[in-house]
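The values are calculated or read from the model by the stated rules, or taken from the named source; none is laboratory data. Since we're looking at a predicted model, the values are computed, not measured. For neighbour counting, all protein chains shown are included, and Cβ atoms are generated from backbone atoms with ideal geometry for every residue, glycine included. To get the accessible areas, we keep the full protein, side chains included, count just its heavy atoms, and leave off ligands, DNA and RNA. Shrake-Rupley method; radii C 1.70, N 1.55, O 1.52, S 1.80 Å.
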Amino acid sequence: MDYTPLRMDASQPKLRVNLYSDTQTRPTPAMKAAMLAAEVGDEQFGWDPTTNALQERMAAMMGKEAALFLPSGTMCNQIAIATHCRPGDEILAHETAHILTSEGGAVGAITGAQITGLKGARGMFDADTLRAALRPRTRYAPPQALLEIEQTANTGGGAVWKLEAINELCAIAHENGLRTHMDGARLMNACVAAGIAAKDMAAGFDSLWLDFTKGLGTGVGAVLVGSKEFIGAAWRWKQRLGGSMRQSGMLAAGCLYALDHHIDRLAEDHANAKRLARGLGQIPGIVAEEPETNLVFFNVQGTGMTSASFSDAARQHGVAVSTNGKYRVRACTHLDISAAQIDEAVQAMGAVVKAA
Ligand SMILES: *Cc1c(COP(=O)(O)O)cnc(C)c1O
């Protein structure tokens, strides 16, 4: 994923439809009101009642013993990895996994573990691929410590791992002495799309986390969950990395608000994604992947443009998208995007292709 920062300078036309990422949402007035009204205390001491309420609610929702509020999803991944693994350990994940491609090499820099990327269509791999990656426990092989799965698979097209598939993979991992971790940045998108409860999706995992800054629409926050023992150890890493906060209740209140108001509506984002893919499919030269959730990937090679030239031209038409590879473009639907804006974006991108 090319996360080259989105340029927003005065020389560019006004941005009308921001499909760059689902992180582009802004807290709604009602969310801000809930944040302002939050009861607060010193989080580092365990005295922030709103943060405690969020943690309790998340642990219950995911069917785990305990939870930890953190500033970001990246910190959830890195603290979970640091807690599960030791230097020299091996982590198995898809080759496009966020922990491998997009966290600045943090696994090597912080834990000193290594990641082996597994292959498979749409950001997913199967049981045979996992079995083939297992190594004998010899003094030569890196100790295999962790299986990591991304739900939904981001660059896999926002694809949803099937419950049976993740349960099978987690069982294989556990039988072979590996622990299991879910990067649940967009877990609720998967749950809404599949009609499966979060605690069922979470059942096979020793740890997992949910991001509140993607489709759920807050400005800050992610929650990591697991056993009491795991979260106890994770707390030390939170302290070490400077992730302990103070009156974090204002942030946690935004997350609680999102749990109450922004989950069921993810279905609207998914409908908008389908609407967008249908519209893009009508534009000559564009081939859109069938979206399962809120991420729409499409190939622009047939237009004679690259993803970079396409996204620059779209920006000139007031539409922001991101790029993933030479010809692959990503557009995300989210809380701040209406069906009318989808139609506006399709029209603008049609004009981009026509001009090319
Ligand atoms: C965004 C994202 C992350 C990182 O989350 P931040 O809150 O931005 O740190 C991790 N994994 C996936 C799949 C993501 O999309």
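This table checks each residue for (1) modelled with pLDDT of 95 or more; (2) open to solvent by 10 Å² or more (accessible area, probe 1.4 Å); (3) over 13 Å from the mean Cα position of the chain (by Cα).
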site	(1), (2), (3)
163	yes, yes, yes
195	yes, yes, yes
202	yes, no, yes
210	yes, no, no
230	yes, yes, yes
236	yes, yes, yes
244	yes, yes, yes
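Considering the conditions (1) part of a loop (DSSP other than H, G, I, E, B); (2) away from the ligand (no atom under 16 Å from the Cβ), residue 56 is excluded by exactly one of them, (1).
Based on what the data block shows, is residue 259 in contact (Cβ under 8 Å) with a residue 40 or more places away in the chain and more than 18 Å from residue 192 (Cα to Cα)?
Details: in contact (Cβ under 8 Å) with a residue 40 or more places away in the chain: yes; more than 18 Å from residue 192 (Cα to Cα): no.
So residue 259 fails the test.
Would you say residue 84 is within 18 Å of residue 183 (Cβ to Cβ) and in contact with a His (Cβ under 9 Å, 6 or more places away or on another chain)? Spelling it out, residue 84 is indeed within 18 Å of residue 183 (Cβ to Cβ) and in contact with a His (Cβ under 9 Å, 6 or more places away or on another chain). For the range 199-233, what are the residues that are in contact with a Ser or Thr (Cβ under 9 Å, 6 or more places away or on another chain), within 16 Å of the ligand (Cβ to nearest atom) and within 12 Å of residue 76 (Cβ to Cβ)? 207, 208, 211, 212, 213, 221, 222, 224, 225, listed by residue number. Scan the range 60-74 and give yes if some residue there is at pLDDT 95 or above and touching a His at 6+ places or on another chain (Cβ under 9 Å), otherwise no. For the range 60-74, residues at pLDDT 95 or above and touching a His at 6+ places or on another chain (Cβ under 9 Å): present.
Given 279, 318, which one is at pLDDT 95 or above, open to solvent by 10 Å² or more (accessible area, probe 1.4 Å) and more than 22 Å from the chain's Cα centre (by Cα)?
Values: 318 fails: open to solvent by 10 Å² or more (accessible area, probe 1.4 Å).
After applying the criteria, what remains is 279.
Residue by residue, here is whether (1) part of a strand (DSSP E or B); (2) polar (S, T, N, Q); (3) under 19 Å from the mean Cα position of the chain (by Cα) holds:
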site: 76; (1), (2), (3): no, no, yes
site: 88; (1), (2), (3): no, no, no
site: 103; (1), (2), (3): no, no, yes
site: 110; (1), (2), (3): no, no, no
site: 115; (1), (2), (3): yes, no, yes
site: 128; (1), (2), (3): no, no, no
site: 132; (1), (2), (3): no, no, no
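If you go through the range 299-320 and pick out every residue that is among the charged types (D, E, K, R) and part of a loop (DSSP other than H, G, I, E, B), you end up with 0. Within the range 179-193, the set of residues being buried (at least 24 other Cβ atoms within 10 Å of the Cβ), in contact (Cβ under 8 Å) with a residue 40 or more places away in the chain and either away from the ligand (no atom under 16 Å from the Cβ) or not in a helix (DSSP H, G or I) (or both) comprises 181, 183, 185, 186.
Does residue 176 count as over 27 Å from residue 322 (Cβ atoms) and touching a residue at least 40 places away in the same chain (Cβ under 8 Å)? Yes, satisfied.
Checked against (1) open to solvent by 10 Å² or more (accessible area, probe 1.4 Å); (2) within 13 Å of the ligand (Cβ to nearest atom); (3) touching a residue at least 24 places away in the same chain (Cβ under 8 Å), residue 86 meets all criteria but (2).
Taking only the range 112-154 into account, find how many residues are of a type in the set (A, V, I, L, M) and within 16 Å of the ligand (Cβ to nearest atom). Lay out the reasoning, then the answer.
Taking the range 112-154 and keeping what is of a type in the set (A, V, I, L, M), we get 113, 115, 118, 121, 124, 127, 130, 132-134, 141, 145-147, 149, 153.
Filter again for within 16 Å of the ligand (Cβ to nearest atom), leaving 115, 118, 124, 146-147, 149, 153.
Result for the range 112-154: 7.
Number of residues in the range 102-111 that are of a type in the set (A, V, I, L, M, F, W, C) and either more than 13 Å from the ligand (Cβ to nearest atom) or outside the structural domain of residue 166 (by TED's automatic domain parsing) (or both): the value is 2. Checked against (1) open to solvent by 50 Å² or more (accessible area, probe 1.4 Å); (2) within 16 Å of the ligand (Cβ to nearest atom), residue 65 meets all criteria but (2). How many residues does the range 321-346 contain that are assigned to a helix (DSSP H, G or I) and among the acidic types (Asp, Glu)? Final tally of qualifying residues: 2. Here 81, 99 are screened, and the one residue that is within 11 Å of the ligand (Cβ to nearest atom), within 20 Å of residue 202 (Cα to Cα) and surrounded by 18 or more Cβ atoms within 10 Å (Cβ to Cβ) is 99. Within the range 186-206, being under 16 Å from residue 268 (Cβ atoms) and not hydrophobic (A, V, I, L, M, F, W, C) holds for 186, 189, 195.
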